[in-house]
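Worksheet: one structure, shown below.
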Amino acid sequence: MSRTTVALLAALEALIVAAIGLGICLVPIAILWAAQYQLGADFTVVWRSAADIWLVGHGVNLTVALDPQTVAQLGLPAAGTPFQVTIALLGFSVLTAGLGVRTGMRAAETGQRLVGTASALVTFAVLSTLVVLTAGAPMVRPSIWQGILLPPFVYGLGIAVGLGLAALRGTSADDAALRSADGPADGRAGATPRTSDGGGAVLSLLRTRTRPVPEALADGAVAAVRAGSAATAMIIGVAALILALLIFGNYGAIISLYEQLQTGVAGGVALTIGQLAILPNLVVWLASWLVGPGFAIGTGSAVSPLGTALGPLPGLPLFGVIPPGGFAFGLVGVVVPILAGFVSGVLLRARPGAHRMDDLRSTGLTALGMGVVAGIELGLLAWWSSGALGPGRLHDVGPNPWLVGAIAAAEVAVAAAIGLAVAGRVRR
């Protein structure tokens, strides 16, 4: 496939990715505009509202300056001074990054990775710039530089993951072909060396530097990244399951809050889409709760295993899943990150090549690396999911990323060390 064709296809895919995200915002607002205003209001208001939501979904800050009449109608005296909305609606970020993974994998398949990646990112950056330049309004103004940089950054993260997955898949296929061509593996005559955990591409890069990294250190680093990421995935997965159960168990309270808002059909659809966009935030908040620090919904509030203190909550029906007295399972939830670290350590010790972790030093370093990886990942997720949701006390919403990262690192590292040690003894 020629470079021009690859560039055009990548640009088209970037255009489709941006259109999907913007369409999710634009369609319900346009329906609401048509139903309630009979197409009489200026359509630019609809576009700016959709663009603002899409930008916030990628982490772009909004500065809101309400007029006195609107402040009086809302009954929020603190909204009289300009305030910022800095919390990201992670549903849009997850969508963009997920579609970016697909873009990266397709670019890898064409054999023109650099051309495809550059074309997709440039196109997405141009579209993001057009969106942020047309989104401004007297009352709500997005950050221009964040609007230009952050959406392409999220898309680029997805592309990088897609390229990495394609590289690992290619490395696994090459390793299988080499093993079949050169004979049996695992120490028999004519065997070819095998990496301990499928990170052949990374290990090759580490070992071919001018000053080569020792093989044991390279294996340990790759193993720590993989196992630490697995522990993070387990914690996030359990948090998502708990949130689903909470929504199912509090379905009546959520419906009651919908009825109290009296938004109508079109408004209810728009509200539901907005809550779907914040669902990933709630998953990360619950993961922070499982780790221990919990999260806040307003300055002075706290939702943690040690206790819950809530003030007035924003009028989102989805917040009905948070009981005023705290979650019934209490401190039992803190077992989840410990089990995640333990299971990741056991699974890592069971992989081929794990004999390199027989000594106490390598086991400790690997467990420490797993904890650091999990702590960094969960800390970054906590940071990305928190911020300001409105004026006054809503300036502080979400978990404390520093506490989440530090405590998660300690829990996973200790549990992983125990898992590695126990699995090592059983294996011997």
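The values are calculated or read from the model by the stated rules, or taken from the named source; none is laboratory data. Given the structure is predicted, the values throughout are model-derived calculations rather than measurements. With ideal geometry, Cβ positions are generated from the backbone for all residues, glycine too; neighbour counts draw on all protein chains shown. Surface accessibility is based on the protein's heavy atoms, side chains included, excluding ligands, DNA and RNA. Shrake-Rupley method; radii C 1.70, N 1.55, O 1.52, S 1.80 Å.
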Unmet requirement for residue 155, which otherwise passes all of (1) more than 19 Å from residue 7 (Cα to Cα); (2) part of a helix (DSSP H, G or I); (3) open to solvent by less than 80 Å² (accessible area, probe 1.4 Å): (1)
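Could you please find all residues in the range 80-105 being in a helix (DSSP H, G or I) and modelled with pLDDT under 90?
Selection gives 80 alone.
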May I ask you to list the residues in the range 378-392 that are farther than 16 Å from residue 338 by Cα and either assigned to a helix (DSSP H, G or I) or at pLDDT 85 or above (or both)? 379, 380, 381, 382, 383, 384, 385, 386, 387, 388, 392
For the range 378-417: of the residues being in contact (Cβ under 8 Å) with a residue 40 or more places away in the chain and in contact with a Phe, Trp or Tyr (Cβ under 6 Å, 6 or more places away or on another chain), which is most open to solvent (accessible area, probe 1.4 Å)? 391
For the structure I just gave you, tell me whether residue 324 is farther than 13 Å from residue 415 by Cβ, under 25 Å from the mean Cα position of the chain (by Cα) and modelled with pLDDT under 90. no
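What number of residues within the range 120-141 are among the polar types (S, T, N, Q) and surrounded by 17 or more Cβ atoms within 10 Å (Cβ to Cβ)?
2
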Could you list all residues from the range 42-73 that are touching a helix residue (DSSP H, G or I) at 6+ places or on another chain (Cβ under 6 Å), outside any helix (DSSP H, G or I) and modelled with pLDDT under 85? 66
